[in-house]
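S.K.: Provided herewith is a single structure, encoded as structure tokens, for subsequent inquiry.
Computed from the coordinates by the stated procedures, all read-outs in this text should not be read as laboratory data. Everything numeric in this text was worked out from a predicted model, so none of it was measured. Please note: Cβ atoms are built from the backbone with ideal geometry, for glycine as well, and neighbour counts cover all protein chains shown.
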Amino acid sequence: MTTNSLITKIFRPNMTTNFWQQTSWAIFRAVVGIMMIHNGIDKLANIESFAEAYVAYIGLPFPIFFSYVAAFTELIGAPLLILGLFTRLASFGLLATMCVAMYHHILVAGLSIPYLELSAIYAACFLFFTINGAGLFSSDALITNILDKSALSLQAKRIMLLEKSYNATESSKVTK
């Protein structure tokens with residue numbers, strides 16, 4: 001497997017060719033990303049308090065360090081998710097922070113649904129994007145198309161409105 005094909009597989013989104021599904025996917029990605037940014041800002045506002053109340057409480061070593069890791073994962077990962085850039089990596093990092101949050105909630109309150117609710121919903125959203133990628137309306141899909149012109153179907157290119165790529169593919173078929 002060449003490096004280029006490996007990179008293409010990492011960036012390549014799920015290519016469902018329904019315009020409205022891809023549009024709702026992009027809106028979902030943007031809303032979840034926007035809602036997550038404030039969590040990172042809140043952590044940085046009082047990092048020592050967060051480290052003591054959350055990270056040290058669950059027994060992780062170096063609570064200040066891991067508090068910064070969580071805060072910057074949210075502050076960097078959420079905008080990447082919004083842009084659809086490095087979506088799987090960003091979503092996986094955000095999923096990991098939500099799994100730690102769920103673990104904290106279980107230690108504090110047991111399996112209390114009201115206490116677990118928000119972090120579990122976020123975790124499910126980030127799991128979705130980790131598995132499926134950003135969708136066709138994303139930077140990842142554009143990078144995939146740049147790296148490998150044949151990685152996306154013609155229908156996917158039409159939905160993405162990559163007419164130049166679509167026309168180039170069509171003209172190369174005519175000349176062959």
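S.K.: Got a sec? Which of L136, L142, L152 is surrounded by 16 or more Cβ atoms within 10 Å (Cβ to Cβ) and within 14 Å of the chain's Cα centre (by Cα)?
M.R.: Values: L142 fails: within 14 Å of the chain's Cα centre (by Cα); L152 fails: within 14 Å of the chain's Cα centre (by Cα).
Exactly one of L136, L142, L152 is surrounded by 16 or more Cβ atoms within 10 Å (Cβ to Cβ) and within 14 Å of the chain's Cα centre (by Cα), namely L136.
S.K.: Of the residues that sit in the range 31-57 and are in contact (Cβ under 8 Å) with a residue 40 or more places away in the chain and surrounded by 16 or more Cβ atoms within 10 Å (Cβ to Cβ), which one is farthest from L80 (Cα to Cα)?
M.R.: Y54
S.K.: Looking for something farther than 21 Å from K9 by Cα, crowded, with 20+ Cβ neighbours inside 10 Å and in contact with a Ser or Thr (Cβ under 7 Å, 6 or more places away or on another chain) - is there at least one such residue anywhere in the range 110-129?
M.R.: No, every residue in the range 110-129 fails to be farther than 21 Å from K9 by Cα, crowded, with 20+ Cβ neighbours inside 10 Å and in contact with a Ser or Thr (Cβ under 7 Å, 6 or more places away or on another chain).
S.K.: A further question on this structure: Limited to the range 121-150, what total is found for residues that are in contact with a Gly (Cβ under 8 Å, 6 or more places away or on another chain) and assigned to a helix (DSSP H, G or I)?
M.R.: The qualifying residues number 3.
S.K.: If L118 meets every condition in (1) in contact with an Asp or Glu (Cβ under 7 Å, 6 or more places away or on another chain); (2) within 20 Å of N39 (Cα to Cα); (3) aliphatic (A, V, I, L, M) apart from one, which number is that one?
M.R.: Of everything listed in (1) in contact with an Asp or Glu (Cβ under 7 Å, 6 or more places away or on another chain); (2) within 20 Å of N39 (Cα to Cα); (3) aliphatic (A, V, I, L, M), L118 misses just condition (1).
S.K.: Restricted to the range 53-79, and to residues that are hydroxyl-bearing (S, T, Y) and part of a helix (DSSP H, G or I), which residue is farthest from the chain's Cα centre (by Cα)?
M.R.: That would be Y54.
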